[in-house]
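One structure is given below, encoded as structure tokens.
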Amino acid sequence: MEYRELGKTGMKVSELGFGASSLGGVFHAFDEHRGLDAVFAAVDAGINIIDVSPYYGHYKAETVLGKALKDIPRDKYYLSTKVGRYGKDGVNTWDYSARRAKESVYESLERLHIDYIDLINVHDIEFQGRMEGGLQKVIDETLPALHELKKEGVVRHVGITDLQLENLHWVIEHCPEGTVESVMNFCHYCLCDDKLVDFLDFFEKHNVGVLSASPFSMGLLTERGAPDWHPAPKPLVEACKQAAAHCHEKGYPIEKLAMQYACSNPRIASTVFSTTRPEAIHKNMEYLSEPMDEQLVEEVRNIIGDQQRVSWANT
């Protein structure tokens with residue numbers, strides 16, 4: 001396992017991170033005992049950053065993860081969770097107010113059975129961008145509230161997350177230097193979309209650490225293919241199917257190539273993926289222990305062709 005500095009936080013995080021969204025049953029039903037075993041397998045494999053959110057499974061992911069964390073020494077992992085995006089009874093809600101942000105942090109601490117949060121993130125900031133006050137509210141209200149908790153030692157570091165890289169750029173550019181210590185972006189450093197590289201110089205200039213998520217682009221880059229609910233446009237879905245078939249013919253699963261590629265850039269501190277299966281942890285660790293087929297990467301990118309960097313709206 002390779003460990004990389006997350007900006008100027010002092011956190012050295014594993015190149016592969018564990019995403020706990022699956023523990024909320026976000027993608028499909030799962031066996032909770034196997035889900036807990038996946039957390040233990042990740043930590044045993046040297047994965048030291050775990051990412052979750054109250055939104056995943058409408059608080060379920062944090063609750064299930066908390067059951068595992070009770071049995072893991074606190075110095076074995078960094079915990080990343082979020083504020084701003086929630087849900088109840090299957091209905092999504094958003095609240096980026098200072099009051100709710102602080103309440104949310106304390107609620108997460110209780111669900112997770114921990115005393116402090118290593119990295120607290122403002123979740124999917126583009127939703128605040130669509131509401132009254134826009135992204136400026138994140139700057140004026142949400143982030144200052146989290147930094148108050150940082151002064152109190154309740155959280156250690158503060159970040160923001162979003163699918164849209166331009167939103168991350170805007171907030172960093174318009175708030176005091178050092179306010180944003182890290183960013184998490186998803187689906188923009190993978191075989192079908194490497195747009196994140198265009199923003200790395202900017203993030204590094206502002207000492208902002210970079211986390212990437214969803215190396216399989218929410219299922220696009222798998223042999224099983226994208227789920228029916230995937231928001232990607234059909235031409236992109238079809239291009240990724242063709243790429244997966246090509247890799248299959250070569251005897252090189254597209255999941256292997258996708259994971260190797262997503263973790264290949266040392267400027268990205270950690271790439272987060274989610275699973276409830278312990279064997280998936282071991283399989284992906286095996287993938288990372290082997291050299292990446294650079295020629296196959298080029299072949300896949302050629303197959304995807306003009307669908308490269310085609311994205312979609314966050315929902």
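The values are calculated or read from the model by the stated rules, or taken from the named source; none is laboratory data. Note that the structure is a prediction, hence the values are computed from the model and not measured. Methodologically, a virtual Cβ is constructed for each residue, glycine included, from the backbone with ideal geometry; neighbour enumeration extends over all protein chains shown. When the accessible area is computed, the model is the full protein with side chains, heavy atoms only, and any ligands, DNA or RNA have been set aside. Shrake-Rupley method; radii C 1.70, N 1.55, O 1.52, S 1.80 Å.
Kindly indicate which of GLU148, GLU126 is surrounded by fewer than 20 Cβ atoms within 10 Å (Cβ to Cβ), modelled with pLDDT of 95 or more and within 19 Å of the chain's Cα centre (by Cα).
Result: GLU126 is the single residue among GLU148, GLU126 that is surrounded by fewer than 20 Cβ atoms within 10 Å (Cβ to Cβ), modelled with pLDDT of 95 or more and within 19 Å of the chain's Cα centre (by Cα).
If a residue has to be farther than 20 Å from GLY209 by Cα and either assigned to a helix (DSSP H, G or I) or touching a Lys or Arg at 6+ places or on another chain (Cβ under 9 Å) (or both) to count, how many in segment 117-147 make the cut? Outline the logic, then answer.
Here is the first cut: in segment 117-147, the ones farther than 20 Å from GLY209 by Cα are 127-137, 140-141, 145.
Among the residues that remain, those that are also either assigned to a helix (DSSP H, G or I) or touching a Lys or Arg at 6+ places or on another chain (Cβ under 9 Å) (or both) are: 127-129, 131, 136-137, 140-141, 145.
Counting residues in segment 117-147 that are farther than 20 Å from GLY209 by Cα and either assigned to a helix (DSSP H, G or I) or touching a Lys or Arg at 6+ places or on another chain (Cβ under 9 Å) (or both) gives 9.
Please give the number of the condition VAL237 fails out of (1) without any contact (Cβ under 8 Å) to a residue 24 or more places away in the chain; (2) open to solvent by 50 Å² or more (accessible area, probe 1.4 Å); (3) assigned to a helix (DSSP H, G or I); (4) within 28 Å of GLY57 (Cβ to Cβ).
(2)
Looking for something buried (at least 19 other Cβ atoms within 10 Å of the Cβ), outside any strand (DSSP E or B) and either free of Cβ contacts under 8 Å to residues at least 40 places away in the same chain or of a type in the set (A, V, I, L, M, F, W, C) (or both) - is there at least one such residue anywhere in segment 7-21?
There is at least one residue in segment 7-21 that is buried (at least 19 other Cβ atoms within 10 Å of the Cβ), outside any strand (DSSP E or B) and either free of Cβ contacts under 8 Å to residues at least 40 places away in the same chain or of a type in the set (A, V, I, L, M, F, W, C) (or both).
Can you spot a residue in segment 64-75 that is under 20 Å from the mean Cα position of the chain (by Cα) and under 20 Å from ALA313 (Cβ atoms)?
No: zero hits.
Specify which of the listed residues (TYR252, TYR261) is open to solvent by 10 Å² or more (accessible area, probe 1.4 Å), of a type in the set (Ser, Thr, Tyr) and part of a helix (DSSP H, G or I).
Details: TYR252 fails: part of a helix (DSSP H, G or I).
Answer to the check: TYR261.
Residues of segment 42-84 being modelled with pLDDT of 95 or more, within 13 Å of SER22 (Cβ to Cβ) and of a type in the set (Gly, Ala, Ser), which ones?
ALA42, SER53, ALA61, ALA68
Restricting attention to segment 68-86, does a residue exist that is closer than 25 Å to VAL210 by Cα, assigned to a helix (DSSP H, G or I), of a type in the set (Asp, Glu) and open to solvent by 20 Å² or more (accessible area, probe 1.4 Å)? I'd like the intermediate steps shown before the answer.
Let us first name the residues in segment 68-86 that are closer than 25 Å to VAL210 by Cα, namely 69, 74-86.
Now restrict to residues that are assigned to a helix (DSSP H, G or I): 69, 74-76.
Then keep just the ones that are of a type in the set (Asp, Glu); that gives 75.
Now narrow it down to the ones that are open to solvent by 20 Å² or more (accessible area, probe 1.4 Å): 75.
Looking for residues that are closer than 25 Å to VAL210 by Cα, assigned to a helix (DSSP H, G or I), of a type in the set (Asp, Glu) and open to solvent by 20 Å² or more (accessible area, probe 1.4 Å), one finds at least one in segment 68-86, hence yes.
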